[in-house]
Amino acid sequence: PLIEAPYQAFKRCVSIAINQNVDAVTIVGDIYDSSKQTIYAQHFFSKELERLDKANIPVVLVNGNHDFIQNEQPITYSYNNVHQLTSEDVGHIDLTLKNKETIRFYGFSYNRRWIPERKIEEFPINQGQTDYTIGLLHGDLSSSTSNPTNYSPFTIQELLSKNYDYWALGHIHLAMTLNQNPLIQYSGTIQGRN
């Protein structure tokens, strides 16, 4: 039934990642569609992370506005493959892949439901310290720097100015490519919303 759709979609996503032996999985917020997660949903998500851990596939994740970290108490995962940026300040995680290439992921998590500040301004310009640099940004595309929104607004030009190799975007539930080279993309909601 419909209630199982998000679970089945995520399970398929994890299976594809394992079958294609991807370098890493990124999750850019809104793992859950509510600030209060059921035990069943938490257990299911944890078991899928465990599948990725057994396949030696790293997961880098941040929290969005739907699953924001309340009272500075993030849900933590005990698997060696899970790397979570839990601060509202932009931080980074460095990974070395199986082929010895290095990736730096920059991002932040929501510690409140709304972040009207332009968090993009906190992302540093890529200095080439790793082979690849990836930005994880849960926010709204705005047409200008003066366009108000409650979800970490940014412009495409601001993203391009950071010289990252890829921007993984969260918040908008429709899959959308904003730029091809470098790739800037909203993955959307994997099971669809309509």
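The residue of the stretch 90-143 that is nearest to V22 (Cα to Cα), among those that are assigned to a strand (DSSP E or B), open to solvent by 60 Å² or more (accessible area, probe 1.4 Å) and of a type outside the set (D, E), is T96. Taking the stretch 156-174 as the region of interest, how many residues are more than 14 Å from the chain's Cα centre (by Cα) and either modelled with pLDDT under 95 or open to solvent by 40 Å² or more (accessible area, probe 1.4 Å) (or both)? Of the residues in the stretch 156-174, 7 are more than 14 Å from the chain's Cα centre (by Cα) and either modelled with pLDDT under 95 or open to solvent by 40 Å² or more (accessible area, probe 1.4 Å) (or both).
Residue by residue, here is whether (1) within 24 Å of I69 (Cβ to Cβ); (2) in contact (Cβ under 8 Å) with a residue 40 or more places away in the chain holds:
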position: R113; (1), (2): yes, yes
position: G135; (1), (2): yes, no
position: S161; (1), (2): no, no
position: L174; (1), (2): no, no
position: Q180; (1), (2): no, no
position: I190; (1), (2): yes, yes
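Within the stretch 41-77, the set of residues being touching a strand residue (DSSP E or B) at 6+ places or on another chain (Cβ under 7 Å), at pLDDT 95 or above and open to solvent by 20 Å² or more (accessible area, probe 1.4 Å) comprises just one member, P58.
The values are calculated or read from the model by the stated rules, or taken from the named source; none is laboratory data. Just so we're clear, the structure is a prediction, and the values are computed from it rather than from any experiment. Heads up, the Cβs are rebuilt from the backbone with ideal geometry, glycines too, and the neighbour counts pull from every protein chain shown. Only protein heavy atoms, including side chains, enter the accessible area calculation; ligands, DNA and RNA are left aside. Shrake-Rupley method; radii C 1.70, N 1.55, O 1.52, S 1.80 Å.
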